[in-house]
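Engineer: Got a structure here, written out as structure tokens. Questions coming.
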Amino acid sequence: MSPRKNFQHLDDRLADALEVVGEWWTPLIVAAVDKGSFRFESIQNSLGIARNILTDRLNTLVAGGVLEKRLYTEKPQRFEYHLTAKGLELVPILKDLEKWGTRHR
């Protein structure tokens, strides 16, 4: 049996949230943007994440309404990523999770 790739089979609000923010790296990307890393290269350098994974996670966060993508140069097209209102609501939750990790490390 192969592992599930999503939680769509569940009628559960936590599962719905994890569809957007439950992948590896995703909370760290949100935290990096919150700390001021808005551009792809800046996020990548701050985390040491592979380009393809970062691209996938950014696309998921934009599609989930956590981040918005803003064009900052036309040629070549380059974008910045900023937290939306939905993303800003997530920040205190991630900070609480970080505190929990510190206490139980």
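The values are calculated or read from the model by the stated rules, or taken from the named source; none is laboratory data. Values in this document were obtained by computation on a predicted structure and should not be read as measured data. Here the Cβ positions follow ideal geometry from the backbone for every residue, glycine too, while neighbour counts run over all protein chains shown.
Engineer: Restricting to segment 56-73, name every residue that is of a type outside the set (A, V, I, L, M) and either loosely packed, with under 15 Cβ neighbours inside 10 Å or not in a helix (DSSP H, G or I) (or both).
Structural biologist: Within segment 56-73, 56, 59, 64, 65, 68, 69, 70, 72, 73 meet the criteria.
Engineer: Name the single residue, out of those in segment 74-105 being basic (Lys, Arg) and not in a helix (DSSP H, G or I), that is nearest to the chain's Cα centre (by Cα).
Structural biologist: If we take residues in segment 74-105 being basic (Lys, Arg) and not in a helix (DSSP H, G or I), then 78 is nearest to the chain's Cα centre (by Cα).
Engineer: Just for segment 38-55: of the residues that are within 20 Å of residue 20 (Cα to Cα) and free of Cβ contacts under 8 Å to residues at least 24 places away in the same chain, which one is surrounded by the fewest Cβ atoms within 10 Å (Cβ to Cβ)?
Structural biologist: So, considering only residues that are within 20 Å of residue 20 (Cα to Cα) and free of Cβ contacts under 8 Å to residues at least 24 places away in the same chain, the one surrounded by the fewest Cβ atoms within 10 Å (Cβ to Cβ) is 52.
Engineer: Under 8 Å by Cβ, and 6 or more places apart or on different chains, what pairs join a residue from segment 11-30 that is in contact (Cβ under 8 Å) with a residue 12 or more places away in the chain with one that is charged (D, E, K, R) and assigned to a helix (DSSP H, G or I)?
Structural biologist: So the pair list comes out as 23/57; 25/57; 26/57; 29/57.
Engineer: Among the helices (runs of 4 or more DSSP H) confined wholly to segment 1-49, which include 3 or more residues that are in contact with a Cys (Cβ under 6 Å, 6 or more places away or on another chain), at pLDDT below 95 and among the aliphatic types (A, V, I, L, M)?
Structural biologist: Output list is empty.
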